[in-house]
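To start, the structure itself, in structure tokens.
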Amino acid sequence: MALKNAVIKRISVIGDGGWGTTLAIHLAAKKYPVTLWGAFPENVAQTAKTRENKKFLPGFKIPPQVKLTSDIDEAILFGDLILLSSPSEYLTDTLSKIKNTSYKGKVFVSVVKGIHPKSFKRMSEIIQEHLPKIPLVVLSGPTIAGEVAQRIPTTAVAACKDKSLAVAVQKIFNSDTFRIYTNTDVVGVEFGGSVKNVIALACGICDGLKLGTNAKAAVLTRGLGEITRLGMALGAQRETFYGLTGLGDLVTTCFSPSSRNRTVGEALGQGKKIKDILGNMNAVAEGVVTAKAVYHLAQKKRIDMPIVTEVYKIVFENKPAARAMKDLMGRSLKSE
């Protein structure tokens with residue numbers, strides 16, 4: 001099914017986190033009727049009453065053309081296009097719910113970032129596994145939700161092997177402050193958008209250790225090399241990692257003060273334990289789960305990823321951050 005043969009009049013957003021809520025507001029501003037689904041009925045009811053998602057996107061009013069619901073059947077039935085915005089660790093549960101609804105004939109767009117920790121599958125692969133043969137586009141890029149909600153100029157990429165489908169989604173989401181490009185390298189777009197969260201943890205650790213800009217720039221740059229090596233081993237195109245969903249997303253996530261993954265890394269660098277850090281967060285830091293997946297995937301593919309390895313050891317083996325940095329600096333010398 002091609003989107004050009006479908007009529008997209010209404011959109012449902014599955015996941016009322018910061019990014020899902022932001023995109024619901026964005027699409028409503030483009031005159032689409034929108035239904036926003038959330039997994040927590042109490043938060044949905046509170047948001048519907050106040051017209052503000054105080055838990056995940058405080059300070060932004062939700063327009064009246066956005067309907068809120070915790071009924072997954074109602075949400076899927078409503079939309080011609082279904083936007084999946086569930087955190088990666090809850091995606092399988094969400095898809096299991098969708099599988100029992102009237103989802104067939106709908107167009108799907110995924111903004112979910114992550115790598116499954118056991119199967120090593122990308123999120124679009126998991127989606128296709130649960131909902132076979134659906135038309136699916138991945139939307140990814142350097143997109144801090146709060147900035148998009150403020151209508152600060154932002155760019156993203158609609159990726160699909162079917163270029164006509166990517167172009168159709170590009171037109172739906174594009175606006176004067178949210179510019180959308182297209183790409184047919186779904187593997188590269190998804191992989192870059194997922195693994196950058198691990199490198200953002202590393203850059204946050206640099207901040208926590210107060211190492212300065214030199215060290216952080218080195219981690220970002222060498223981290224991009226690690227992402228590229230493993231991504232290409234999985235079939236991605238090199239040039240994708242130097243575009244918006246690679247370098248662009250990486251820079252944003254590593255340097256933004258509001259980046260969840262950078263913030264978690266900063267706390268790790270200060271010596272705090274991951275359990276305590278995550279216990280005090282409303283939102284999900286995707287890089288924590290992704291670090292485990294990428295570490296084991298790199299081992300399986302025999303791809304050298306020293307930064308990812310040290311992040312994994314800090315998070316899951318309680319290795320002191322200062323010692324991890326010292327070990328990185330003490331590795332055998334080589335050419336760039």
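Tabulated results
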read-out: For the chain, size of Cβ-based charge dipole, Lys and Arg +1, Asp and Glu -1, in debye; value: 180 debye
read-out: Once the Cα gyration tensor of the chain is diagonalised, semi-axes √(5λ) in Å; value: 33, 22, 18
read-out: Nearest-ten-degree value, helix 18-29 long axis tilted from longest Cα axis of the chain; value: 40 degrees
read-out: Relative contact order (%) - criterion: Cα under 8 Å, at least six apart; region: region 56-122; value: 35 percent
read-out: Histogram of C-alpha separations across region 100-235, 10 Å bin width, %; value: 11, 34, 35, 16, 3, 0
read-out: Whole-Hz couplings from phi, Karplus 6.51/-1.76/1.60, listed for region 261-269; x for Gly and Pro; value: 5, 4, 5, 4, x, 4, 5, 4, x
read-out: Principal-axis tilt of helix 186-208 within the chain, Cα atoms, nearest 10 degrees; value: 50 degrees
read-out: Unpaired by the 4.7 Å Cβ criterion, cysteines found in the chain; value: Cys160, Cys206
read-out: Alpha-carbon centroid distance for the pair region 10-28 / region 178-247, whole angstrom; value: 25 Å
read-out: Label-point separation, Asp162 to Lys133 (7 Å along Cα→Cβ), nm; value: 1.2 nm
read-out: Accessible surface, per residue, of region 101-256 when the full set of protein chains is kept, probe 1.4 Å, Å²; value: 38 Å²
read-out: Helix axis angle, 163-173 relative to the chain longest principal axis, alpha carbon, degrees; value: 80 degrees
read-out: Accessible-area composition of region 31-80, carbon plus sulfur, in percent [1.4 Å probe]; value: 59 percent
read-out: Fraction of accessible area attributable to carbon and sulfur, region 164-252 (%, probe 1.4 Å); value: 54 percent
read-out: Cα gyration tensor shape of region 4-123, rounded if a/c is under 1.5, else prolate or oblate by comparing a/b with b/c; value: oblate
read-out: Relative contact order (%) - region 242-336, alpha-carbon pairs under 8 angstrom, separation at least six; value: 21 percent
read-out: Mean-position separation - Cα centroids, region 255-322 and region 44-123, in angstrom; value: 26 Å
read-out: Cross-link table Lys121/Lys300; Lys9/Lys31; Lys121/Lys272; Lys113/Lys292, entries beyond 20 Å C-alpha to C-alpha; value: Lys121/Lys272
read-out: Average silhouette area of region 252-311, convex hull of alpha-carbon atoms, in square nanometres; value: 4.5 nm²
read-out: Per residue Cα convex hull volume in Å³ - calculated over region 213-306; value: 112 Å³
read-out: Distant-in-sequence amide H partners of Val109 (H built 1.01 Å from N, under 5 Å); value: Ile82, Leu83, Leu84, Val137
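The values are calculated or read from the model by the stated rules, or taken from the named source; none is laboratory data. Keep in mind the model is a prediction, meaning the values are calculated, not measured. For neighbour counting, all protein chains shown are included, and Cβ atoms are generated from backbone atoms with ideal geometry for every residue, glycine included. Quick note on the areas: whole protein, heavy atoms, side chains included, nothing else; ligands and nucleic acids left out. Shrake-Rupley method; radii C 1.70, N 1.55, O 1.52, S 1.80 Å.
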